[in-house]
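The values are calculated or read from the model by the stated rules, or taken from the named source; none is laboratory data. Note that the coordinates shown come from a computational prediction; the quantities given were computed from them, not determined experimentally. Every residue, glycine as well, gets a Cβ built from its backbone with ideal geometry; the counts of neighbours run over all protein chains shown.
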Amino acid sequence: MMKYLLSFIFTVSSGVALAQNNIVESLQTNVPGQGKVTVHQDAQITEMIGKRFVRTGASEAQRVIKTRGYRVQVYAGNNSRQARDEANSVAEKVKEKFPDMPVYTFFQPPRWLCRVGDYKSIEEAHVAMRQLKAAGNFKEVAIVREQINIHIE
């Protein structure tokens, strides 16, 4: 009976000891006849290993819902490097004149696009389009239906 009890305790304690090792510790253990592994990493990474979830820097106030809505397109070019530079230039002009409007510059084959805003209704987009036209710097301004980001507070 004592033999069984001791073997049970030994098995459980060795299982617990092995379960406490993480992947980095098991890689760094020296085993005869095998190579040696050295892992260089930040201490924060070591703390994250084995956790079921990791908190990101985003708070709950920064959550976003993606839905169908409207944006105002202020530039549409071709697929050249010059078009990319022009799209980024237009985006900078919009950011200077309207710092509260979100600006999206991206490549949608076969052209570079610069779009502004996240509007739920076409009326909101129309108001923004009139503001952009009144600024006078943007030649080709149009409302487009697209997936938008709605920030939840």
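For segment 23-37, enumerate the residues that are small (Gly, Ala, Ser) and outside any loop (DSSP other than H, G, I, E, B). Talk me through it step by step, then tell me what you get.
Taking segment 23-37 first, the residues small (Gly, Ala, Ser) are 26, 33, 35.
Matches in segment 23-37: Ser26 only.
Of the numbered criteria (1) surrounded by 12 or more Cβ atoms within 10 Å (Cβ to Cβ); (2) at pLDDT 75 or above, the one Asn21 fails is (2).
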